[in-house]
Amino acid sequence: MKPTAFSPTRGTACLCGLLLGALPVAGAVPSVGELEALDLTELSPWTWSGSVRAAGGYKDNVELSAFAPVGSAFARAEAEFFGWRLPEEGESEVQLFGAATLTRYTERTSGQSEAQWFGRAEVSRVVASGWSVTGSLEGFQLDQFLDLSATEAERFAAKLQATGGSAAVALRREAGRGVWFEVRPSCKRETYRDGIADAWQPAAKATLGRRWAEGRGEISLGWQAERHDFDDRRQFSLRGFAMPDTALEFRRQEADLRFTWQAGPERKWRWVSVLIGQRNRDNGPGYFDYEYTALKQEIHWRGAAWRARITGRIGRYDYSHRPVSTALGAPVWRKDEQLVECRLERRLGPGWVVFAEYSGERSDATNPNASFRVNTAWLGVEWMR
């Protein structure tokens, strides 16, 4: 569950829900007198929702190992909440979101449990006709296995304990005819328990988009420039050796083209395609220089009781200089990745959902130590309020 931007439709639905909850139970349409008797000042401007989930499943490669995968059954607990303040004239819209996940594996691996939490606070305000400003703060903490091979030289997968946060300000212009433009400077800080990749990450992004067909379709083109200033990482020579008395930095540029279309009665189908191109350069000889291209695809469907989602991603890292090994004449790194995720859910009644999910990831690199396969499947139940 992710917080979504305010829209008149959403605002009307929430306000109607509040009004209906305040009406006397009479079994008939309320009279004009009953409506006039309502004290709207007593209605809270806040709308709250949340959910908790419990699931069990199996993961066949907990540690993302290239040669000796260890599988394990697991139990998982998740919780989310969302708060939204209904904006009144001249006031700001506020959104709050939080999520936490805890996974416990039955096998005694080096990562018998994984955990993560994420929080976001966002304040938006219309400052002039067609202009709005949004400020946001985010925080996260994670303790889980991650694939590090794209930007690490000496380890490819490891269990990391990281904490981070970010702040951003977005200025958006609705230019008419469905055209909009947004600029968003931000700064992110990440720290790790072992200190290996602590870094500041300032960035700036500009996006131009257009909506049509009453908002059913939208296309946008974005460009972002960001910098990774590491506290204590060293540059690497083109042979793959750490260079003493140096400090590593990344300069990264990324462009993305996004297309969204909603189809069918009541917009039951939603299609999202994203094409990404990224260029990374380090401040040393160029050991970490690469070009990354990826295509992401999402398909969503919702019916009266059933909902389904499938997402996929294919991507490739092409390195300019990074050798597979330190041997002379070693080939240059290349890394391909594929990811697919599926979810099917059935609503049983007010607030209750049962669901099944699957995730499959594959990494193929010219260095076999960075290649792995992992499949995860789980079943669960969710209660929403």
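The values are calculated or read from the model by the stated rules, or taken from the named source; none is laboratory data. Being a predicted model, the structure only gives us computed values, none of them experimental. Neighbour counts are summed over all protein chains in view; Cβ atoms, including those assigned to glycine, are modelled from backbone coordinates with ideal geometry.
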**Message:** I'd like the full set of residues that are surrounded by 14 or more Cβ atoms within 10 Å (Cβ to Cβ), part of a loop (DSSP other than H, G, I, E, B) and either over 22 Å from the mean Cα position of the chain (by Cα) or at pLDDT 95 or above (or both), limited to segment 157-198.
**Reply:** Gly178, Ile196, Asp198
**Request:** May I ask you to verify whether Val29 is of a type in the set (Val, Ile, Thr) and modelled with pLDDT under 90?
**Result:** yes
**Message:** So in segment 281-290, with the set limited to residues that are out of contact with any Ser or Thr (no Cβ under 8 Å at 6 or more places or on another chain) and in a strand (DSSP E or B), which one is farthest from Ala247 (Cα to Cα)?
**Reply:** Arg281
**Message:** Tally up the residues in segment 334-385 that are free of Cβ contacts under 8 Å to residues at least 40 places away in the same chain, closer than 18 Å to Arg155 by Cα and over 23 Å from the mean Cα position of the chain (by Cα), please.
**Reply:** 2
**Fill in**
The condition from (1) buried (at least 16 other Cβ atoms within 10 Å of the Cβ); (2) not in a strand (DSSP E or B) that Arg313 misses is numbered (2)
**Message:** Given the condition in the same structural domain as Asp289 (by TED's automatic domain parsing), of a type outside the set (A, V, I, L, M) and touching a Gly at 6+ places or on another chain (Cβ under 7 Å), answer yes or no: does some residue in segment 326-338 qualify?
**Reply:** yes
**Prompt:** Taking the condition over 30 Å from Gly360 (Cβ atoms), assigned to a loop (DSSP other than H, G, I, E, B) and not acidic (Asp, Glu), does Leu221 pass?
**Reply:** no
**Message:** I'm told Phe288 meets every condition in (1) surrounded by fewer than 15 Cβ atoms within 10 Å (Cβ to Cβ); (2) within 19 Å of Gln235 (Cβ to Cβ) except one. Can you identify the failing condition by its number?
**Reply:** (1)
**Message:** Looking only at residues that are surrounded by 17 or more Cβ atoms within 10 Å (Cβ to Cβ) and in contact (Cβ under 8 Å) with a residue 40 or more places away in the chain in segment 316-332, which one is farthest from Gly380 (Cα to Cα)?
**Reply:** His321
**Item:** Of residues in segment 147-156 being touching a residue at least 60 places away in the same chain (Cβ under 8 Å) and hydrophobic (A, V, I, L, M, F, W, C), the one surrounded by the fewest Cβ atoms within 10 Å (Cβ to Cβ)
**Value:** Ala153
